[in-house]
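The values are calculated or read from the model by the stated rules, or taken from the named source; none is laboratory data. Only a predicted model underlies this, so the values are computations on that prediction, with no experimental measurement involved. All Cβ positions, glycine included, derive from the backbone under ideal geometry; neighbour counts span all protein chains shown.
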Amino acid sequence: MTAFSLEPAQLAWCAELRALAAERLRPLAGKGEPGRVNRALLAELGALGLLPRLFTSGALELCLMRESLAHACTEAETALALQGLGAHPVHAHGTDAQRAHWLPRVAAGTAVAAFALTEPAAGSDAAALSLTATPATPGRPARPGGADGWRLSGEKCWISHAPEADFYTVFARTTPGAGARGVTAFLVPADRPGLTGTALDMLSPHPIGALAFDAVPVTADDVLGEVDRGFRVAMDTLNLFRPSVGAFAVGMAQAALDATLGHTARRDAFGGKLKDLQSVAHQVAEMALRTESARLMVYAAATAYDEGAPDVPRRSAMAKLLATETAQYVVDRAVQLHGARALQRGHLLEHLYREVRAPRIYEGASEVQRSIIAKELYKNLEDR
């Protein structure tokens with residue numbers, strides 16, 4: 001198999017996922033409350049065996065899942081992705097005890113995970129985190145199994161699944177003034193004293209909130225990875241999930257394209273069908289061209305990750321950038337070709353128009369992806 005051609009079994013699995021999303025997941029999504037965690041939907045994702053795949057799949061399989069689910073039910077796609085984003089640091093960097101306690105519950109959909117990186121003044125610049133981890137006993141290092149540790153103080157905001165998650169992967173500054181080298185990742189259960197949260201009313205329909213840390217206690221047993229090496233945990237997670245954000249965007253773009261093909265083939269206009277107008281046909285062709293180009297770049301980036309290629313950061317950034325910008329273009333064109341009906345509440349394109357905007361910002365805005373790409377290109381030039 002190459003990055004540019006899926007096997008028949010993979011294509012069949014994608015078709016099965018689209019059918020499951022339409023028949024089993026979309027009805028549950030419709031019963032959910034916008035801006036709230038849909039636990040019934042998560043439980044069904046677990047029952048269908050999709051959440052467990054978060055911990056056994058490679059990057060390409062994750063992309064195929066996200067693209068297929070997004071095509072039929074964006075709510076299901078997002079619920080699955082957020083579970084993976086919040087729990088991947090535990091899977092990849094957690095202790096045996098952390099994994100044993102949380103991952104089976106995440107896989108079953110009974111525990112809600114969240115990835116808490118962003119702060120009011122540290123969004124795209126993740127190395128500028130100011131949530132502070134102060135030693136609980138000054139001068140005494142934290143010890144596994146011991147009472148000594150840290151107290152977390154500060155804020156996180158725009159955190160998906162907050163404030164309803166059952167645990168958070170939290171990134172805090174353990175060494176002042178050290179930039180990316182002084183950040184530690186912690187697994188913080190939601191019931192820790194001093195941790196509170198509020199929901200935010202956002203354009204995107206999935207739950208997003210802010211968290212406040214008032215001397216929240218954590219110990220060495222809560223560390224994910226190594227002390228002062230949490231930035232690596234964050235980047236490892238984002239390098240995996242950035243191509244799959246692109247896959248989410250490709251799924252939405254394909255849904256918008258499919259709707260546009262059907263509409264323009266049926267809609268009467270100027271003595272024929274809309275598709276007979278060259279201006280319309282050329283727009284549809286451009287939508288298809290960009291969607292397929294983005295899909296191929298997402299698959300290539302995911303395959304590079306699975307193969308351990310050295311250029312994963314650049315490929316991941318390129319895939320997320322191209323796919324999310326493409327999806328914005330395709331959905332916007334689809335709305336234009338549908339006319340006013342696409343702006344009516346409840347229309348597929350009205351839903352996609354609200355959904356498609358956020359991926360260009362989260363997990364690294366488009367401008368950040370361009371900076372990553374340029375940095376990697378110049379680094380390669382210096383290495384020659």
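Is it fair to say ARG151 is more than 30 Å from VAL312 (Cβ to Cβ), among the basic types (Lys, Arg), part of a strand (DSSP E or B) and not assigned by TED's automatic domain parsing to the domain that holds PRO313? Yes; evaluated as a whole, the condition is true for this residue. From the residues in the range 201-220 that are outside any strand (DSSP E or B) and not polar (S, T, N, Q), which one is surrounded by the fewest Cβ atoms within 10 Å (Cβ to Cβ)? Here the answer is ASP201. Looking only at residues of the range 221-230 that are among the charged types (D, E, K, R), more than 23 Å from the chain's Cα centre (by Cα) and in a loop (DSSP other than H, G, I, E, B), we find that the one that is surrounded by the most Cβ atoms within 10 Å (Cβ to Cβ) is ASP228. Being touching a Lys or Arg at 6+ places or on another chain (Cβ under 9 Å) and without any contact (Cβ under 8 Å) to a residue 60 or more places away in the chain is true of ARG181. Inside the range 311-343, can you point out the residues that are among the charged types (D, E, K, R), part of a helix (DSSP H, G or I) and either within 21 Å of the chain's Cα centre (by Cα) or buried (at least 22 other Cβ atoms within 10 Å of the Cβ) (or both)? ARG314, ARG315, LYS320, GLU325 - these are the residues of the range 311-343 that are among the charged types (D, E, K, R), part of a helix (DSSP H, G or I) and either within 21 Å of the chain's Cα centre (by Cα) or buried (at least 22 other Cβ atoms within 10 Å of the Cβ) (or both).
Does PRO135 satisfy the condition of being surrounded by fewer than 16 Cβ atoms within 10 Å (Cβ to Cβ), closer than 17 Å to GLU226 by Cβ and assigned by TED's automatic domain parsing to the domain that holds GLY179? Yes, satisfied.
With respect to the conditions (1) surrounded by fewer than 20 Cβ atoms within 10 Å (Cβ to Cβ); (2) more than 16 Å from the chain's Cα centre (by Cα); (3) under 24 Å from THR118 (Cβ atoms); (4) among the basic types (Lys, Arg), ARG357 falls short on a single one, namely (2).
For the range 354-375, residues that are in contact with a Pro (Cβ under 7 Å, 6 or more places away or on another chain) and closer than 15 Å to PRO243 by Cβ total 1.
Picking from residues in the range 349-361 that are among the hydrophobic types (A, V, I, L, M, F, W, C) and part of a loop (DSSP other than H, G, I, E, B), the one that is modelled with the highest pLDDT is VAL356.
Of everything listed in (1) more than 17 Å from PHE115 (Cα to Cα); (2) modelled with pLDDT of 95 or more; (3) in a loop (DSSP other than H, G, I, E, B), the single unmet condition for PRO176 is (2).
Cβ-Cβ distances below 9 Å connect no pair with a first residue in the range 68-95 that is more than 19 Å from PRO27 (Cα to Cα) and in the same structural domain as ARG354 (by TED's automatic domain parsing), a second residue that is among the hydroxyl-bearing types (Ser, Thr, Tyr) and assigned to a helix (DSSP H, G or I), and a separation of six or more residues or different chains.
Among the residues of the range 182-197, just one is more than 25 Å from ASP96 (Cα to Cα) and either basic (Lys, Arg) or under 21 Å from the mean Cα position of the chain (by Cα) (or both), namely GLY197. Which condition does PHE248 not pass, out of (1) modelled with pLDDT under 95; (2) closer than 30 Å to GLU286 by Cβ, if it passes all the others? The one condition PHE248 does not meet is (1).
When ALA234 is tested against (1) under 23 Å from GLY35 (Cα atoms); (2) surrounded by fewer than 24 Cβ atoms within 10 Å (Cβ to Cβ), just one condition goes unmet, and that condition is (1).
The single residue among GLY364, GLY346, GLY308 that is in contact (Cβ under 8 Å) with a residue 40 or more places away in the chain, part of a loop (DSSP other than H, G, I, E, B) and not assigned by TED's automatic domain parsing to the domain that holds ALA128 turns out to be GLY364.
When each of LEU211, LEU240 is tested for being at pLDDT 95 or above and within 18 Å of SER160 (Cβ to Cβ), the lone residue that passes is LEU211. Screening the candidates SER5, SER57 for the property of being small (Gly, Ala, Ser), modelled with pLDDT under 95 and touching a helix residue (DSSP H, G or I) at 6+ places or on another chain (Cβ under 8 Å) yields one hit, SER57.
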